[in-house]
Amino acid sequence: MLLTPVTGQIAYSLLYSIAKGDVFGKDQPIILVLLDITPMLPVLDGVVMELQDCALPLLREVIPTDKVEVGFKDLDAAILVGSMPRKEGMERKDLLNANVAIFKTQGEALEKYAKKTVKVLVVGNPANTNCLIASKSAPSIPKENFSCLTRLDHNRARSQVAMRVGVPSDSVKNVIIWGNHSSTQYPDVHHAIVNHHGKEMSGFDAVNDESWLKGDFITTVQQRGAAVIKARKLSSAMSAAKAICDHMRDIWFGTPDGEWVSMGVYSTGNSYGVPNDLMYSFPVMIKNKTWKVVDGLSINDFSRGKMDATAAELVDERDTALTFLGA
């Protein structure tokens, strides 16, 4: 399994969980390939030493490298964590241009060196569009093998409802994150189910506060990352790492019967009118390492407006990024 880059906060928080079997199973030996830029290799050596010192029985080998031909060779899974962050004064198109270059290179490396069955998770923002660029740069790998992380938003939505109702988070299921991993995403509880002290009820009935569900709940989930940075002065590394583990584990082992999760996946021929050729977050069920969009859910006018707005943002991002991809 490949993780790149490795020396940031999220990857550092993630490595231990993967290496001890929380993602791919307690009986699955793991070879970790850690790819980073050349100046970070001394830091990478320290990460390797820590992994060795954990004495984890499933961890068979750790391969630190700055070479894509080593990093991407024969991969079963790849987690692309890093991207160019937006800097002060940077225009959005400049951010997209920088990230197109990064994810075009990584997609080409996947195309050239990885297994065609590789499962690729893109975390680095703008995650949806970066994922699309990577997939387009690896044309012989099925589009369905690429996904981007909206599980953190999904977990945030689930937790907000659970806290509001006063139940554990695992008593809330089938929330949905629609669209982009950005402030236009739409956290939707119209189809959520809450186990409220042994009785299953709809999310709306359990919360019993429509103004909160259509107002503060949505903005809290949309802006949670910024709120963490403001409070902590650092990004949400621990919760992002947990969400990455959740996402990859569900790809490997599937979703429970009757439950879905949110995942940014390739849009083609869905029942919700979402434009094709986007990486859009849908509710998905997973079986045999294959996801399927949960089609046919009823969508009211409020939800339709939110879903269309985030789709429009993704179309704009995609079209801008594609001009750079063809340059």
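The values are calculated or read from the model by the stated rules, or taken from the named source; none is laboratory data. Every value quoted in this text rests on a predicted model; they were computed, and no experiment measured them. Note that we place each Cβ from the backbone using ideal geometry, even for glycine, and neighbour counts take in every protein chain shown. To get the accessible areas, we keep the full protein, side chains included, count just its heavy atoms, and leave off ligands, DNA and RNA. Shrake-Rupley method; radii C 1.70, N 1.55, O 1.52, S 1.80 Å.
Which one of these is touching a Leu at 6+ places or on another chain (Cβ under 8 Å) and closer than 22 Å to G179 by Cβ: A78, A134?
Only one candidate qualifies: A134.
Sort through V265, V274, V221 and tell me the only one that's of a type outside the set (G, A, S) and part of a loop (DSSP other than H, G, I, E, B).
None of the others qualify; the one that does is V274.
Six or more apart or on different chains, Cβ atoms under 6 Å: show the pairs whose first residue is in the stretch 291-315 and more than 24 Å from E144 (Cβ to Cβ) and whose second is aromatic (F, W, Y) and crowded, with 20+ Cβ neighbours inside 10 Å.
That search, which allows pairs on different chains as well, returns K306/Y186.
If you go through the stretch 268-292 one residue at a time, how many are touching a strand residue (DSSP E or B) at 6+ places or on another chain (Cβ under 6 Å), modelled with pLDDT of 95 or more and either open to solvent by 20 Å² or more (accessible area, probe 1.4 Å) or more than 24 Å from R158 (Cα to Cα) (or both)?
Of the residues in that region, 3 qualify.
Of the residues in the stretch 252-289, how many are under 17 Å from R151 (Cα atoms) and in contact with a Gly (Cβ under 9 Å, 6 or more places away or on another chain)?
The qualifying residues number 10.
Of the numbered conditions (1) open to solvent by 40 Å² or more (accessible area, probe 1.4 Å); (2) outside any helix (DSSP H, G or I); (3) under 30 Å from T290 (Cα atoms); (4) in contact (Cβ under 8 Å) with a residue 24 or more places away in the chain, P85 fails exactly one; give the number of that condition.
(3)
Tell me whether the stretch 235-256 contains one or more residues that are over 14 Å from V172 (Cβ atoms), touching a strand residue (DSSP E or B) at 6+ places or on another chain (Cβ under 9 Å), of a type in the set (G, A, S) and free of Cβ contacts under 8 Å to residues at least 60 places away in the same chain.
yes
For residues that are modelled with pLDDT under 85, within 23 Å of the chain's Cα centre (by Cα) and surrounded by fewer than 17 Cβ atoms within 10 Å (Cβ to Cβ), tally how many sit in the stretch 88-116.
Qualifying residue count for the region: 3.
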